[in-house]
Amino acid sequence: MDNTYIIFTADHGLACGQHGLMGKQNMYEHSMRPPLILVGKDIPQAERRDVHVYLQDVMPTTLQLAGVSKPDHIEFNSLIPYIKDAEAQSAYDAIYGCYEKNLQRMIRVDDWKLIVYPKAKVVRLYNVAEDPHEMHDLAGHPAQKGRIASLFQRFLSLSDDMDDGLDLAPIFPELAE
């Protein structure tokens, strides 16, 4: 027990009827937020952290726990700072998500999430803090036009960083300006 760590997670969450969907193929919180539980020496018990991370952060975490340096080509970050400090901020200013080559994309910045459906040419906007079940799409509200444009610009930048081959700017030219 002095040198054993257990990391419990999954590759995705699962829609079980939420939003009329079954399965993992969407960008709603219930499907894109898998469980993530860590147990082991020096890991506080019965504590929760509310911080944006990627599932791929598990690998650099295990490297750090094993005392191995993270290779330069690894783009993700260890979870240890969040484990040690309950007040630690996320290493990511935005979270990027995609499903299939051209079906869905998503960006989450703070409490706001923009979901993009390229084939349908539809965007959805949610304030996840105020609407955690994502039931009230705010994309049609004129007051949110600036926020949508700002999130879309941040999305395009992150899409380039992630080497996503889908160029959404021509699909949504009104947002790409």
Determine how many Å³ per residue the convex hull of the Cα atoms of segment 5-84 encloses. 106 Å³
On a full-extension model of 0.36 nm per residue, what is the gain between residue 157 and residue 131, subtracting their alpha-carbon distance, rounded to one decimal in nm? 6.7 nm
How large is the helix-only mean residue ellipticity at 222 nm for the chain, computed as the sum of -39500 (n - 2.57) over DSSP H runs with n ≥ 4, divided by its residue count, in deg cm²/dmol to the nearest 500? -5500 deg cm²/dmol
Fewest Cβ neighbours within 10 Å first, please rank 11, 160, 131 accordingly. 11, 160, 131
Taking Cα pairs under 8 Å and at least six residues apart, what relative contact order does the chain come out at, in percent? 14 percent
Least to most buried among 174, 29, 134 (fewest other Cβ within 10 Å first): 174, 29, 134
Got the relative contact order for segment 95-176 handy, in percent, Cα pairs under 8 Å and 6 or more residues apart? 22 percent
Which trypsin sites (Lys or Arg not before Pro) in segment 57-132 pass both tests, a DSSP loop state and at most 15 other beta-carbon atoms within 10 Å? 101, 119, 121
Note the listed values (1) 54, 42, 32; (2) 56, 36, 29; (3) 48, 36, 34, then indicate which one is Cα extents along the principal axes in Å calculated from this particular structure. (2)
Residue separation between residue 62 and residue 49 times 0.36 nm, minus their alpha-carbon distance, gives in nm 2.9 nm
Can you work out the FRET efficiency for the pair residue 85 and residue 141, with r the C-beta to C-beta distance and R0 = 22 Å, to the nearest 0.05? 0.05
With Cα coordinates, the longest principal axis of the chain makes an angle with the long axis of helix 145-161, in degrees rounded to 10, of 50 degrees
On a C-alpha basis, how far is the centre of segment 107-122 from the centre of segment 45-98 in Å? Whole number, if you could? 24 Å
Rank the residues 59, 1, 27 as a footprinting-exposure proxy: fewest other Cβ atoms within 10 Å of their Cβ go first. 1, 59, 27
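Read-outs: derived from the displayed coordinates by stated rules, not from any lab. Source: prediction; values computed, not measured. Backbone-built Cβ (ideal geometry, glycine too); neighbour counts: all protein chains shown.
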